[in-house]
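Here is the structure we will look at, set down as structure tokens.
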Amino acid sequence: MILRRAFLLAAAGLIGGAAAGQERPAIGFNRWQEDWSVLADPALRTEPFDGLKYIPLAADDPASYLSFGLDLRERYEANDAPQFGTGANRDQHYLLQRAQIHADLHPDAHWQMFLQLEDDVQAGKAPVAPVDENPVNIRQAFVTYDTGFAGGDLKIRVGRQEMAFDLQRFVSVRDGPNVRQAYDAAWANWTNELWRVIGFWSQPVQYRDTRPFDDVSNGRLQYGGFRVERKEVGPGSLTAYYSRYEQAGAHFLDGAGHERRDNWDIRYAGVWRGLDWDAEEMTQTGQIGDKSILAWAVGSRSGYTLDGLSWTPRLGLQADAASGDTKRGNGTLGTFNPLFPNGYYVTLSGYTGYTNFVHVKPSVTVKPDKGVTLMVATGLLWRETTADAVYVQPDIPVANSAGHGDPWTGLYEQLRLDWTMTKNLSSAVEAVHFQIGDSLRAAGGHDSDYLGVELRFGW
């Protein structure tokens, strides 16, 4: 781990020495979206290793090329009370390393073949979950065909791939933990200036760390749907989608068996005169075992940016809620399933799951320097119903909390600093202090502290 980090950080210093003003792709969150065909111009190949970023395959076709890249994320985490210290959970201090390499092949302007390998390891964490460690496996391996169709652009992608929607409340790549979420999927989307239409079906990848290349997907866990997006609906964009989630052998506090959830989602987001907003609602119906499902969730993030002030402060407000099961033993399960949530959406501490909760979070974000963002926030939490449990990330119930106590769960203070050091290197620090309410204290919990420090390198 240390040798690989030293090598890649040294490479970061070399790559960071490029001359200013070059129009090159930024290192993206989704590496397969980067277009390195701009390096067909020899005048732009000025940085070390550009011979590997752009390998031309046809002298008369700049869009025909092969590109290599890598990512390394090193993170230290300290968590003195996972699940608020209930059960066997104890003080944790550990290191996480995510290392990925990829090859991006473009035979011509229509085809793309992308392969990404990963080696995710941890040191000092116990117990080790599937999201913590995944040594030497295929992260992504897919083929994409891109062509003009019906006045727009049609893309068809088949294979192991990552996907995420919007703020990743419910469908994400799960970037917070060490092992991101991929899907063995068939995906098609059509876009023009105003519309985007998506259809997909997937078997989400299930991660194991017994031996290299042992990750699997199968019919026991499936997810797919149909989605429509429309720009310029007033000052924002409107999105609606239907999706189906199926899982064999699912377990909830008041239901077990084959789970089938039909998810109906609508979202409206936009920016207008310094005001930004993102509001989403999801209703879930379906069946689990012999019970019907009726659950719901809402989420919103909004803010106002004061452009005229130094440090460009943004005053933000986040408000979320998700249903719990209101009555044990009846024929309906009301516990919301957050599907594939993103821990970043609330905090990286994992103290809060998007299930049976009401969440209000005012925040202030400032930019004291170029590339530096600082956010300070306070979150207040309640249960939607005391008949159901308090849940931690992603949807794990806290033992002895269901049916006991009052709605108040507690509050937390959050501090997060993000620093883009160079175009290849970035860092972040996040600290969270959670003050629990009496209901969690009666369940055996105590106040909790989390600290995460990370360094990212991309080439």
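Looking at the range 111-177, which GluC sites (Glu not before Pro) are in a loop (DSSP not H, G, I, E or B) and have at most 14 other Cβ atoms within 10 Å? Can you show the working numbers first?
On the way: sites: Glu118, Glu133, Glu162; in loops: Glu133, Glu162.
Passing sites in the range 111-177 do not exist.
How high is the relative contact order of the chain? Use alpha-carbon pairs under 8 Å, at least six apart in sequence, and give a whole percent.
Working: 1234 pairs, mean separation 53.8, N = 459.
That works out to 12 percent.
With charges only on Cβ, +1 for K and R and -1 for D and E, what is the dipole size of the chain about its Cα centre, in debye, rounded to 20?
So the magnitude is around 200 debye.
If you keep only loop residues by DSSP, which GluC sites (Glu not before Pro) in the range 16-113 have at most 10 other Cβ atoms within 10 Å of their Cβ? Walk me through the numbers on the way to the answer.
On the way: sites: Glu23, Glu34, Glu74, Glu77; in loops: Glu23, Glu34.
Passing sites in the range 16-113 are Glu23.
Stick to the Cα atoms of the range 296-397, pair each with every other, and give me the Kirkwood hydrodynamic radius in Å at one decimal. Please list the in-between numbers first.
On the way: mean 1/r = 0.0665 Å⁻¹.
For the range 296-397, the Kirkwood estimate is 15.0 Å.
I'd like the trypsin sites (Lys or Arg not before Pro) in the range 320-385 restricted to DSSP loop residues with at most 10 other Cβ atoms within 10 Å, sorted by number. It would help to have the intermediate numbers written out before the result.
Values: sites: Lys327, Arg328, Lys370, Arg383; in loops: Lys327, Arg328, Lys370, Arg383.
Here the sparse-neighbourhood loop sites are Lys370.
In the calculated pair distance distribution of the chain, what percentage of Cα-Cα distances lie above 39 Å?
Working: 23931 of 105111 pairs.
Everything past 39 Å amounts to 23 percent.
Rounded to the nearest 10 degrees, what's the angle between the helix 2-15 long axis and the longest principal axis of the chain, both from Cα atoms, 0 to 90?
On a 0 to 90 degree scale, this one is about 50.
Read the figures in this text as sums done on the coordinates, not as results from a lab. None of these values were measured; they are calculated from a predicted model. Every residue, glycine as well, gets a Cβ built from its backbone with ideal geometry; the counts of neighbours run over all protein chains shown.
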